[in-house]
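Notes follow once the structure below has been shown.
The values are calculated or read from the model by the stated rules, or taken from the named source; none is laboratory data. Treat the numbers as computed from the prediction; the structure is a model and nothing was measured. Using ideal geometry, Cβ is built from the backbone for each residue, glycine included, and neighbour counts are taken over all protein chains shown.
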């Protein structure tokens, strides 16, 4: 089954404790992206990647890191989480950018 | 001015009603347009792409007006199951690359 797999689904952590949210897709997509969704602000892009070893900042990259060492994986890293990073996070992938964007099921992160 | 703007709603309509949403975008060089549906706290899913000539998929009709820089979504014969948030997505040219930007969404509630 074609899918984007995100883990974990829920995560509660404390300020400053490094964490990684994993994202994997099995569709051989070149493009992958991370979004955060907050009430009243909609989906905002954090980072995206056009292909392996090619990553770029989105609208809200501060406090986040990503890597794209393999085509299928695009982890999101919070080196030192802060409470303002409490949010619902989505990973997504697609083939050429104009085509359908496939989303993971989301990660609800709470930073205390 | 936001790059992509939507009326947040909620639009409360009776079952069977026809409802229309608009979405405006600021960059006249935008290349492609989509409507996504999102159920509460779940991942967005592509509802339909929006073509210059307009397109229809069952009860759903999407239109693009490049001159006025807006897209629309019309839902006929609303069902209870249409209750969701509808996200307008625009592919904007930014910094020489393509970039998908999401509106904050319009909430629809279909009632008996």
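Scan the range A:22-50 for residues that are within 14 Å of chain B (Cβ to nearest Cβ) and in a strand (DSSP E or B) and report the count. Total satisfying the criteria: 19. Of all the listed residues (A:69, A:100), the sole one being within 11 Å of another protein chain (Cβ to nearest Cβ) and under 30 Å from residue B:31 (Cα atoms) is A:100. For the residues A:79, A:53, A:62, the requirement of being modelled with pLDDT under 95, surrounded by fewer than 19 Cβ atoms within 10 Å (Cβ to Cβ), farther than 26 Å from residue B:39 by Cα and away from chain B (no Cβ under 13 Å) singles out A:53. The single condition among (1) under 24 Å from residue A:89 (Cα atoms); (2) surrounded by 19 or more Cβ atoms within 10 Å (Cβ to Cβ); (3) modelled with pLDDT of 90 or more that residue B:62 does not meet is (1). Residue by residue through the range B:1-15, note down the ones that are crowded, with 18+ Cβ neighbours inside 10 Å and closer than 17 Å to residue B:108 by Cβ. Answer for the range B:1-15, where residues must be crowded, with 18+ Cβ neighbours inside 10 Å and closer than 17 Å to residue B:108 by Cβ: B:6, B:11. Could you please let me know if residue B:11 is in contact (Cβ under 8 Å) with a residue 60 or more places away in the chain and away from every other protein chain (no Cβ under 14 Å)? Criteria met by residue B:11. Just name the residue that is modelled with the lowest pLDDT out of those in the range B:16-39 that are surrounded by 14 or more Cβ atoms within 10 Å (Cβ to Cβ) and away from chain A (no Cβ under 13 Å). Per the criteria, the residue is B:27.
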